[in-house]
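Novice: Take a look at this one; I'll ask things after.
Just so you know, all these numbers are worked out from the coordinates, no wet-lab data involved. Because the structure is predicted, anything quoted here is derived from the model rather than measured.
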Amino acid sequence: MKPLLIIPVLLAAALLYLSADRGAGFSTWMRDRDALENSTDQIAQLEAEIDRLKAEVGRLESDPFAIERAIREDLEWARAGETLVRIPGASDSNPRFP
């Protein structure tokens, strides 16, 4: 009868040890699960950014006006004779260039 009592005692001791060990156990599993979820979200965001940049590259290669638009928006350049007006507090998006 005594040998059957040893198994639950050893199991309880192992569970107690794992719950007290900071490097193993449920808390580590939860922390790793959260880190994996955050990494998965970040990967999805970066993949969406890559797709957006690939689409922009395609437009820059195929549309002759896309390069001019990119120069005007990113570098805030204007053609000779044009006047560039900056409005404080205006959003970055320009309604003339979708």
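Novice: So what J values fall out for the stretch 38-50 if you push phi through Karplus, 6.51 cos²θ - 1.76 cosθ + 1.60 with θ = phi - 60°, rounded to Hz, Gly and Pro as x?
Specialist: Taking θ as phi minus 60°, the curve returns 5, 5, 5, 5, 5, 4, 4, 5, 5, 5, 5, 5, 4 Hz for the stretch 38-50.
Novice: Another one. Any chance you could run the full-extension gain for ARG59 through ASP41? It's 0.36 nm times the residue separation minus the Cα-Cα distance, nm to one decimal.
Specialist: 3.7 nm
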